[in-house]
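Input: a single structure, listed below in structure tokens.
Each reported figure results from applying straightforward, stated rules to the coordinates on display, with no laboratory input. Note that this is a predicted model, so its numbers are computed, not measured. All Cβ positions, glycine included, derive from the backbone under ideal geometry; neighbour counts span all protein chains shown.
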Amino acid sequence: STTHRAQFRLRVASSPVNLADVNCSFRATRTIQVLVNNCLYVLKTKLSNISGKMVNSFGNIYWSSTNEEKGVQFVLEKSTDGTHFKELATVQGNAAEGFGSNYHFTDPNVLNVPAYYRVVTKEHNGSSNSRLVLLSPVSVQFDVRNVLNPFDARISFDVVAPADGTARVTILDNYGRVIKSFNQAVTGGVTPVKLTDHGAIAGGVYALKVEYAGVSVIKRIVKVNN
């Protein structure tokens with residue numbers, strides 16, 4: 001948590017569904033208070049337009065920057081599962097301070113399996129990660145991954161798509177009634193999606209339905225009350 005003096009309490013149950021049922025879960029009486037020295041430092045360098053493509057079996061990553069800080073570095077990281085990353089290379093920022101530039105990096109390893117790439121922007125006082133870019137030697141299949149479950153006031157997940165397009169996201173209750181539905185622009189690769197206005201939804205089991213190019217993926221999600 002980045003909130004100073006936030007308090008946490010543990011709830012235990014035998015399954016995610018039981019977490020939402022007060023008769024099937026147990027809540028600890030002890031609370032933990034977190035003290036945070038949050039300086040709210042925001043990186044000066046802004047990363048934008050990150051993309052990638054396969055060229056002769058090699059992964060190529062492209063990105064742009066604005067308002068570069070002197071000495072900024074861009075660290076390329078690679079993963080085969082989208083979770084565990086290893087450093088691939090470091091690119092030194094080459095723009096004059098306060099200006100931006102365009103960058104390109106080619107992975108020196110032949111890409112035989114799907115791989116995730118990200119760019120970590122590192123400055124003197126902090127760092128930040130870019131969105132993920134998925135490159136694959138075979139066709140990427142539409143999928144929904146990394147669903148935050150159970151959730152409280154925020155739902156987050158990643159949409160994996162073979163090309164740029166529009167996905168339809170729908171939240172339904174146990175009776176099939178639509179709680180929320182909207183269109184989400186997605187890019188070829190991985191698009192993170194976050195919904196932060198669900199604090200008023202009652203605790204229980206819901207369905208997250210994501211439709212793309214005529215294909216639907218449905219995930220069961222559980223809302224827990226704070």
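Taking 7 Å steps out from each Cα toward its Cβ at residue 57 and residue 94 produces label points 2.8 nm apart. Listed from fewest to most Cβ neighbours within 10 Å, the set 21, 107 follows the order 21, 107. Pairs over the 29 Å Cα-Cα cut-off, from the set 70/194; 46/86; 44/194; 46/209: 70/194; 46/209.
The slack in the chain from residue 153 to residue 219, taken as 0.36 nm per residue of separation less the alpha-carbon distance, amounts to 22.0 nm. Taking Rg and Dmax of the Cα atoms in Å straight from the coordinates, which label in (1) 17.1, 50; (2) 18.1, 55; (3) 20.7, 62 is the correct one? Checked against the structure: label (3).
For residue 163, nonlocal amide neighbours, meaning residues 5 or more places apart or on other chains whose placed amide H falls under 5 Å from its own, are 189.
A cut-off under 10 angstrom between Cβ atoms defines the neighbours of residue 78, and their net charge, with Lys, Arg +1 and Asp, Glu -1, is -1.
Considering only 19, 195, 132, give the residue with the highest GNM mean-square fluctuation for the chain, with springs between Cα atoms whenever their separation is below 10 Å. The residue that fluctuates most here is 195.
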